[in-house]
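The values are calculated or read from the model by the stated rules, or taken from the named source; none is laboratory data. Predicted model only: the values in this text are computed from it and were never measured. Every residue, glycine among them, receives a Cβ derived from its backbone with ideal geometry; neighbour counts consider all protein chains shown. The protein model used for the area step is the full one, side chains on, heavy atoms only, and it has no ligands, DNA or RNA in it. Shrake-Rupley method; radii C 1.70, N 1.55, O 1.52, S 1.80 Å.
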2 protein chains.
Amino acid sequence: MSEPTRSSAEAADAADPLAHVRARFAIPAGTTYLDGNSLGALPAHVPARLKTVIEGEWGTDLVTSWNANGWWELPVRVGDRIGALVGAAPGQVLCGDSTSVQLFQVLTALARLRPDRHTLITDGAGFPTDQYLADSVARLLGLTVVRVSPSDVESVLDDDVALVAFSAVDYRTGERWDAPAITEAVHAAGAVLTWDLAHAAGCMPFGLDEIGADAAVGCSYKYLNGGPGAPAWLYVAQRHQDALDLPLTGWQGHAEPFALEPSYRPAGGIERARVGTPPLLSMTALDAALDVFDDLDMNVVRAKSEALTQLVLDYAAAYLPGVTSATPADPRRRGSQVSLRLEHAYEVTQALIARGVIGDFRAPDLLRLGFAPLYLRHVEVWDALEILRDVLATESWRDPSFARGNAAVT
Amino acid sequence: MSEPTRSSAEAADAADPLAHVRARFAIPAGTTYLDGNSLGALPAHVPARLKTVIEGEWGTDLVTSWNANGWWELPVRVGDRIGALVGAAPGQVLCGDSTSVQLFQVLTALARLRPDRHTLITDGAGFPTDQYLADSVARLLGLTVVRVSPSDVESVLDDDVALVAFSAVDYRTGERWDAPAITEAVHAAGAVLTWDLAHAAGCMPFGLDEIGADAAVGCSYKYLNGGPGAPAWLYVAQRHQDALDLPLTGWQGHAEPFALEPSYRPAGGIERARVGTPPLLSMTALDAALDVFDDLDMNVVRAKSEALTQLVLDYAAAYLPGVTSATPADPRRRGSQVSLRLEHAYEVTQALIARGVIGDFRAPDLLRLGFAPLYLRHVEVWDALEILRDVLATESWRDPSFARGNAAVT
């Protein structure tokens, strides 16, 4: 560990191959935005694109836009663009609905691939929605849920395990699991597995095809910058698609949606994962937002992410006595965030926000800082850490206006 | 029946209490838009509202908008506004997801209210998604699906019927069912019932509370003009909410979503129907779109709808030999559309579109014309019918460019 300095942060910015990408975003002046892992910043060209879609396509072309302006193909086209960022060849990712809904789809369909097995394994520390949906699907299908940390999955794998559902990166601690090894272990036990890439897509390369993943879901409003509540996505490996038996049998997933048949026949390929009519305006914002990735190498994105999180860990060790990290020191084992464990984390988070440093609080004691590599500078991270140091040293968080209320969480 | 004339249409426009409402919409010049039952027209003020939300709330306030700009409350606030248009007191309607997803929620939860019964009744001529989801839910819960026309529901009601799922208006023929009588019959048999108001909300009053409805779902992009794929909504009568056992147990429906508990505990009231993070941009467009209804009386809206559909039926009887109506002549038995049965309906629909009259085709032989009372004039409907008469008389639909392809359908 080298003791960091502001000039080393400046030097890192000068050498940053992604420095020019920041200009693609509308970052408000006076804000250091360390919450791109909750809601990504606005790509600057998105408003103009939405204006065209609303006034030109909806307002003028009206219903003919489904064909004339490619609305019908949007979930597939956006899906393929996301797929390219997480290592999925075209035809395996579909965009639509929320992550919760996509989890329900994938968990049910994967369990149906292993009808003679009756155990569903998930992470007892995973994001709540992942756990709630696992319980709901288990109840509907008569499965038993076993909770275990991804690092201990081998201890519970046996021939009754139908499926496993883990996040690639822990939303709270930022710990990144060994996806290739876990996938391999699950397959060796004859089970299938889905990855939740909410905290991975857009900030690191991920080789869904390469590791032989069965399925995945992901969120589009964090590092993909698709806007608030941007439609989520699911990935199903091509080899499973023909047997995919999904519970949300919406009309758009029918083999011939325009034939208006009374019985469901699923479409071929990933299009069977279409459900109802998708939220076109939100999906168009996401489609436009993805443009910022068009010329980027995800390995370069990841390298900057590692440098930013390393800067935080080094700074904390050197200048923030009493503050520990819930995020692993080994860069291979962390995502694009650092969660600092400290007393009065809620109040400290509020005090930082009041000074323009936007992070978030995760109960009970975490200040969670996300590092979106596309638009953050090393030096602004340095300056934010100096503000944190000052807030802690002066105990300015004791101001009553920073007392606990509700903070939005995702 | 009185034989209609252009001057009687002009007189109706002159006396139209909704004439001023048309100016609230951006209707493209040269278009007579008779497809507002598929995708409603753009309310003129929506683009400015979206610009504010995208640039000001997402772009500038970023994640703090969940609290600062009321994003968290949006599904409830929009739900209540829709509720006001369909006769639901506040706290019973929630906005989010697609109609297909909401149907899955409601069908599953209603079936769970009657665990000792094992039959689900639906309309074998209903919109495909309604039938597909009924089959999917029945399979998951071990129910048997019985298909019957809403008008014949009493013939299949017995003490094994758990739930009934009907549309208030047939999407194809425009036939409107007797919702109060059907609801009463279903309740008399000890079952519960959900109404699909896709083709009712926004074009007629509907008394969900008054008729004692158990549940309902609806679409927001037809007569509510919420934009392409605008989030749908569900209604659950207050008396059922505490027992409501929904399958999509997303984190936003938790009693304490910010406590990040590992087990699901549903929120009180309609908020338990929240699932994942909703598509905020699409939902904001819908919220803004609903403004056009703020000072309108749905009885006045309905009266104009009846006048417009009557004009079409009278015109067809007088001037369109060989064309019959699939829509009932009794105004009390029709929605806000007229479906004309004619040979070569597909080609005729295309020929009309080429002349600026936008309707749609429904297999096998229907020209479906929707009449959004908020922005249509009687005289433009008259002129559109004159074009139809000309297309049929001259057989201009035989132009090969009008041959069958795929048309978007909802």
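With everything on Cα atoms, drop me the angle between helix B:280-289 and the longest principal axis of chain B, reported from 0 to 90° to the nearest 10. The helix B:280-289 is inclined about 50 degrees to chain B.
Here the range B:346-390 is scanned for amide nitrogen atoms under 19 Å from the site 7 Å beyond the Cα of B:A317 along Cα-to-Cβ, giving B:369, B:382, B:385-386, B:389.
Buried on complex formation within the range A:5-42 (loss of at least 30 square angstrom of accessible surface versus the isolated chain, 1.4 Å probe, ligands and nucleic acids ignored): A:P28, A:Y33, A:L39, A:L42. Sorting A:T173, A:T194 on solvent-accessible area from highest to lowest, probe radius 1.4 Å, gives A:T173, A:T194.
The Cβ shell under 10 Å around A:V106 holds other residues with a net charge of -2, Lys and Arg each +1, Asp and Glu each -1. Over all other residues within a Cβ to Cβ distance under 9 Å of A:S167, the charged ones net out to -4, with Lys and Arg as +1 and Asp and Glu as -1. In summary, the protein assembly as shown shows an alpha-carbon radius of gyration equal to 0.97 times the 2.2 N^0.38 Å reference for compact globular proteins. Around the Cα centre of the range A:134-258, unit charges on the Cβ atoms of Lys, Arg, Asp and Glu (plus for the first two, minus for the last two) sum to a dipole of about 540 debye. Each principal axis of the Cα cloud of the range B:1-158 was evaluated for its coordinate range; sorted largest first, these ranges are 61, 54, 29 Å.
Taking Lys and Arg as +1 and Asp and Glu as -1, the other residues whose beta-carbon sits under 9 Å from that of B:R176 total 0. Rg and Dmax of the range B:42-118, based on Cα coordinates, read 17.0, 53 Å.
Kindly give the distances from A:D242 to its copy-mates, label point to label point, with each label point 7 Å from Cα along Cα→Cβ, as nm values to one decimal ordered shortest first. Relative to the other copies, A:D242 has label-point distances of 5.3 nm. Remark: accessible surface ordering of A:E306, B:E395 (largest first) is B:E395, A:E306, probe radius 1.4 Å. Given in Å, the Rg to one decimal and the Dmax to the nearest whole number for the Cα atoms of the range A:123-223 are 13.0, 37. Pairing the Cα long axis of helix A:128-141 with the longest principal axis of chain A, what angle in degrees results, from 0 to 90 and rounded to the nearest 10? With both axes taken from Cα atoms, the answer is about 20 degrees. Residue separation of B:D399 and B:T60 scaled by 0.36 nm, minus their Cα-Cα distance, works out to 116.7 nm of gained length. Ordered by solvent-accessible area of protein heavy atoms (1.4 Å probe), largest first, the residues A:E73, B:E55, A:E154 come out as A:E154, A:E73, B:E55. Our compactness index for the range A:199-257, the C-alpha radius of gyration over the empirical 2.2 N^0.38 Å, is 1.34. What fraction, in whole percent, of alpha-carbon pairs in the range A:1-72 exceed 22 Å separation? Within the range A:1-72, distances greater than 22 Å cover 52 percent of Cα pairs. Projecting label points 7 angstrom from Cα along Cα→Cβ for B:D390 and A:H118 puts them 7.1 nm apart. When nucleic acids and ligands are ignored and a 1.4 Å probe is applied, B:V300 ends up with an accessible area of around 50 Å².
Using the Cβ-Cβ distance between A:A48 and A:E10 with R0 = 30 Å, the FRET efficiency computed as 1/(1 + (r/R0)^6) comes to roughly 0.35. Rg ratio for the range B:186-294: its Cα radius of gyration over 2.2 N^0.38 Å, N being its residue count, equals 1.19. If you average the alpha carbon positions of the range B:230-257 and of the range B:329-348, how far apart do those two centres end up, in angstrom? Between the Cα centres of the range B:230-257 and the range B:329-348 lies a distance of 36 Å.
Of the solvent-accessible surface of the range B:340-410, computed with a 1.4 Å probe over protein heavy atoms with every protein chain present, carbon and sulfur atoms account for 49 percent. Computed from the C-alpha gyration tensor, the three semi-axes of the ellipsoid equivalent to the range B:308-351 are 19, 12, 9 Å, from longest to shortest.
When A:T144 is represented by a point 7 angstrom out along its Cα-to-C-beta vector, the spacings to that point in the other copies are 3.4 nm, nearest first. Secondary-structure-derived ellipticity at 222 nm for chain B, considering helices only, amounts to -10000 deg cm²/dmol, per-run term -39500 (n - 2.57) for DSSP H runs with n ≥ 4.
Farthest towards the positive end of the charge dipole of the protein assembly as shown, among the residues A:P373, A:V76, B:T327, is the Cα of A:P373, using unit charges on the Cβ of Lys, Arg, Asp and Glu.
Using only side-chain charges placed at the Cβ, +1 for Lys and Arg and -1 for Asp and Glu, the dipole size of the range B:297-410 relative to its Cα centre rounds to 340 debye.
Taking a point 7 Å from the Cα of B:A29 along the Cα-to-Cβ direction, the residues of the range A:55-90 with backbone N closer than 16 Å to it are A:60-61. Taking the label point 7 Å along Cα→Cβ, A:S8 and its counterparts in the other copies are spaced 8.8 nm apart, in ascending order.
Only the Cβ atoms of Lys and Arg (+1) and of Asp and Glu (-1) were treated as charged; on that basis the dipole of chain B about its Cα centre amounts to roughly 500 debye. For chain A, dividing the convex hull volume of the Cα atoms by the residue count gives 146 Å³ per residue. Using the Cβ-Cβ distance between B:D158 and B:N67 with R0 set to 45 Å, the FRET efficiency from 1/(1 + (r/R0)^6) comes to roughly 0.30. From zero up to wherever the largest Cα-Cα distance of the range A:302-385 sits, split into 5 Å bins and tell me the percent of pairs in each. Result, from short to long distances: 3, 15, 27, 29, 20, 6, 1 percent. Principal-axis analysis of the Cα atoms of chain A puts helix A:99-113 at an angle of about 50° to the longest axis.
Ordering B:P4, A:S339, A:V169 by the projection of their Cα atoms onto the charge dipole of the protein assembly as shown, which places +1 on the Cβ of Lys and Arg and -1 on the Cβ of Asp and Glu, puts B:P4 at the extreme positive end.
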